[in-house]
Every structure is written in C-alpha cells, then in structure tokens.
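S.K.: What follows is a single structure, and I will ask about it in a moment.
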Amino acid sequence: MRHTIKFTRRHLPHWEVEAAEYFVTVRCADSLPRDAVLRLAELHQTLAGITPGSAEFAGIQRQHFRSLEKYLDVGHGSCPLREPECASIVIDELALLAEWHVAATHYTIMPNHWHALISPLPECGRSLSQIIKRLKGRSARRIRQQIGGCGPVWQREWFDRWMRDDHEREKTVHCIQQNPMRARLVDNRESHPWTK
C-alpha cells in the first residue's frame, strides 16, 4: 500500500501519494454552463459527506467525472484549445515538466479542457499542486498572449486521481486516447494531433 503524503480539499479532494502516477483534468474557465455548475456542486456536496477512499466515495467521484465529461465534450465556452497554437502551448508545457523530473506520458487536448497522465519521478521533489500550478500558470500566460483578452484561462480547481494499479492505469490511458472520438471531434485517434 502506498503512503499518503498529503490530502487537501477545496471543492474536490486531492491526494498526494508517494511514487504515484496521476490522471489530471484541467478545464477552461468558461467550459461549463450554469446548469452544469449547479449539478456538479450537488455532487461535490455529496462527496463532502462521504469517507474519502470508500467504495461509495469512488462511485460518486466516477459519477462526477462522467457528468463533467458529458458537459465538457459538448464544447461549451470559447474553446481556446481548438486553436492549434493554443493546444500546442499546453503540449509544450507538459513536455517542459521534464525540467522538474515529471513525465507526461499520455495526454489529450480538447477544445475546452485537457487530460494528462502525469508521473513525478523520485527526484522531482515537488508536490502535485506545485506541478499543476506551474502548468496552469505558464500555459495561461502564453495562451493569453496568443488569443488576447483578459480574465482567467483555467478553472481554479482541477480533477486528479492517483492510479491504484495497472488495470486502472490501462483504463485511464484508453479513456484519454478515446476522448476525441467520444466527443466526435475525429473518427480515429491518429486524426487527432493533440493526443499521445
């Protein structure tokens, strides 16, 4: 069993686990319509009353993620990542995590959100929240330079889940790679240049 290094909760719970690999979803600030925000807030409230790590908690968390994906795949909001230059910025920043000894082994960049499988290596020495803060901050500055405007690019909160075993990891990689097809952006994975 892996040792929990840190547990924090904003709207969503975040576990930092030693030698873990994390599935991360970051969405654009305007990616959800009002009714979706209200529905997800109800699920957050339900999660707050359940013991973290329990089977019930995992089930509600899966329901939350499925609901979120459904809303995101509709393509609500300004969808800045639809622009190849903006999608490339996120990919560049994922690659630059190597400077911090973090590998982004799989990812997909969707029009209004992105998913990645992130692995801090033993010599990393940074928390997951520091890694996400770097990714979001650097990419937001570059995207704002590219598209102009003002205001936040990303939602303040992000979703993360550490991979418990190889089976969960395989399912997660499949989910990442299939997301562009589920959202009907492309007919096959090879047609989506922002999926690895």
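S.K.: Restricting the search to region 73-113, which residues are polar (S, T, N, Q), in contact with a strand residue (DSSP E or B) (Cβ under 6 Å, 6 or more places away or on another chain) and closer than 13 Å to VAL153 by Cβ?
M.R.: Filtering region 73-113 down to residues polar (S, T, N, Q) leaves 78, 88, 105, 108, 112.
Those still in the list that are in contact with a strand residue (DSSP E or B) (Cβ under 6 Å, 6 or more places away or on another chain) too: 105, 108, 112.
Of everything in region 73-113, just one residue is polar (S, T, N, Q), in contact with a strand residue (DSSP E or B) (Cβ under 6 Å, 6 or more places away or on another chain) and closer than 13 Å to VAL153 by Cβ, namely ASN112.
S.K.: I've got another one for you. Would you check which residues across region 111-136 are in a helix (DSSP H, G or I) and either on the phi > 0 side of the Ramachandran plot or not aliphatic (A, V, I, L, M) (or both) and list them?
M.R.: Of region 111-136, the ones in a helix (DSSP H, G or I) are 128-136.
Matches in region 111-136: SER129, GLN130, LYS133, ARG134, LYS136.
S.K.: Could you check how many residues of region 67-88 are out of contact with any Cys (no Cβ under 9 Å at 6 or more places or on another chain) and either on the phi > 0 side of the Ramachandran plot or polar (S, T, N, Q) (or both)?
M.R.: Qualifying residue count for the region: 3.
S.K.: Could you check GLY59 against (1) under 17 Å from the mean Cα position of the chain (by Cα); (2) free of Cβ contacts under 8 Å to residues at least 60 places away in the same chain; (3) part of a helix (DSSP H, G or I) and say which number it fails?
M.R.: GLY59 satisfies all of (1) under 17 Å from the mean Cα position of the chain (by Cα); (2) free of Cβ contacts under 8 Å to residues at least 60 places away in the same chain; (3) part of a helix (DSSP H, G or I) except (1).
S.K.: Within region 137-170, which residues are surrounded by 12 or more Cβ atoms within 10 Å (Cβ to Cβ), free of Cβ contacts under 8 Å to residues at least 60 places away in the same chain and assigned to a helix (DSSP H, G or I)?
M.R.: Within region 137-170, GLY137, ARG138, SER139, ALA140, ARG141, ARG142, ARG144, GLU168 meet the criteria.
S.K.: Collect the residues in region 72-103 that are more than 20 Å from HIS192 (Cα to Cα) and in a helix (DSSP H, G or I), keeping them in residue-number order.
M.R.: LEU96, LEU97, ALA98, GLU99, TRP100
All of the numbers you see were taken from the coordinates with simple rules; none came from a lab. Predicted, not measured: the structure shown is a model, and the values here were computed from it. As a convention, Cβ positions derive from the backbone with ideal geometry for all residues, glycine included, and neighbour counts pool all protein chains shown.
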